[in-house]
Amino acid sequence: MRALLLLAPLVLAGCNAADKTADATANATETAGNAAVAVGGSIANAVKEGAADLKKEATGKAVDRDDWVGRWKGVEGTNLVIAKGDEPGMYKLDMQYTLDDKGSFAGKGTSEGISFTRPDGDQILHPSDGDATGLKWLAGKKDCLTVKSGEGYCRD
């Protein structure tokens with residue numbers, strides 16, 4: 001009988017440990033589930049925001065490129081000055097784009113950059129680094145805009 005009395009607390013202690021383990025497992029499962037819901041919500045928000053940006057572009061609404069406003073230097077006297085246009089996402093580009101060619105062109109912000117038309121055709125001014133301009137004098141620069149290989153402008 002005495003052995004039975006000593007055995008009872010050991011059995012109860014084992015049950016208590018099993019209950020604690022079950023509670024800890026349930027808590028860990030709930031925490032993991034909450035984390036998965038949070039990640040799923042973040043992904044859903046990112047997809048929603050991306051879809052909204054695509055919808056803006058599909059409807060023809062211009063994209064804001066205001067951080068590009070200002071003076072950009074090219075090589076051999078070429079340069080670019082970007083000013084805000086009359087409407088959001090619209091820009092005025094004053095360019096000396098070759099030794100002989102210069103002009104002012106209306107531009108529209110797009111997901112790729114700023115689109116505009118000049119005598120040599122439709123162009124898109126897009127972000128790049130100096131190496132991507134194809135101009136050795138701009139190589140190594142980090143904050144640049146490129147129209148096409150051999151035509152680029154940098155700020156740094």
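The values are calculated or read from the model by the stated rules, or taken from the named source; none is laboratory data. This one's a predicted model, so the numbers in the text were calculated from it and none came from an experiment. Ideal geometry is used to build each Cβ from the backbone, glycine not excepted, and the neighbour counts take in all protein chains shown. Please note that ligands, DNA and RNA were not included when accessible areas were found on the heavy atoms of the full protein model with its side chains. Shrake-Rupley method; radii C 1.70, N 1.55, O 1.52, S 1.80 Å.
Return yes when G60 is under 22 Å from the mean Cα position of the chain (by Cα), part of a loop (DSSP other than H, G, I, E, B) and at pLDDT below 95 and no when it is not.
Numbers: under 22 Å from the mean Cα position of the chain (by Cα): yes; part of a loop (DSSP other than H, G, I, E, B): yes; at pLDDT below 95: yes.
Against the criterion (under 22 Å from the mean Cα position of the chain (by Cα), part of a loop (DSSP other than H, G, I, E, B) and at pLDDT below 95), G60 qualifies.
Just name the residue that is farthest from the chain's Cα centre (by Cα) out of those in the stretch 63-76 that are at pLDDT 95 or above and open to solvent by less than 100 Å² (accessible area, probe 1.4 Å).
Among residues in the stretch 63-76 that are at pLDDT 95 or above and open to solvent by less than 100 Å² (accessible area, probe 1.4 Å), the one farthest from the chain's Cα centre (by Cα) is V75.
Scan the stretch 72-119 for residues that are more than 23 Å from K136 (Cα to Cα), of a type in the set (S, T, N, Q) and touching a residue at least 40 places away in the same chain (Cβ under 8 Å) and jot them down.
Residues satisfying the conditions are T110, S111.
Looking at D122 and the list (1) assigned to a loop (DSSP other than H, G, I, E, B); (2) open to solvent by 60 Å² or more (accessible area, probe 1.4 Å); (3) free of Cβ contacts under 8 Å to residues at least 24 places away in the same chain, which single condition is not satisfied?
With (1) assigned to a loop (DSSP other than H, G, I, E, B); (2) open to solvent by 60 Å² or more (accessible area, probe 1.4 Å); (3) free of Cβ contacts under 8 Å to residues at least 24 places away in the same chain applied to D122, the lone miss is (1).
So E87 clears everything in (1) open to solvent by less than 80 Å² (accessible area, probe 1.4 Å); (2) at pLDDT 50 or above except one condition, right? Which one?
For E87, the failing item is (1).
Residues in the stretch 125-156 that are open to solvent by 30 Å² or more (accessible area, probe 1.4 Å), aliphatic (A, V, I, L, M) and outside any loop (DSSP other than H, G, I, E, B): how many? Show your work before the answer.
In the first step, residues of the stretch 125-156 are kept if they are open to solvent by 30 Å² or more (accessible area, probe 1.4 Å); the result is 126-127, 129, 131-132, 134, 136-137, 139-143, 148-150, 155-156.
From the residues that got through so far, the ones that are aliphatic (A, V, I, L, M) too are 132, 139.
The next check asks that each one be outside any loop (DSSP other than H, G, I, E, B); those that pass are 132.
Number of matching residues: 1.
Sort through K84, K73, K141 and tell me the only one that's among the charged types (D, E, K, R), closer than 14 Å to D156 by Cβ and in contact with a Phe, Trp or Tyr (Cβ under 7 Å, 6 or more places away or on another chain).
The unique qualifying residue is K73.
Does the stretch 90-104 hold any residues that are within 16 Å of Y153 (Cα to Cα) and open to solvent by less than 60 Å² (accessible area, probe 1.4 Å), and which are they?
L93, D94, M95, Q96, Y97, T98, G103
Within the stretch 105-119, take every residue that is in contact with a Gly (Cβ under 8 Å, 6 or more places away or on another chain) and open to solvent by 20 Å² or more (accessible area, probe 1.4 Å) and give me the one that is farthest from G74 (Cα to Cα).
The qualifying residue farthest from G74 (Cα to Cα) is K108.
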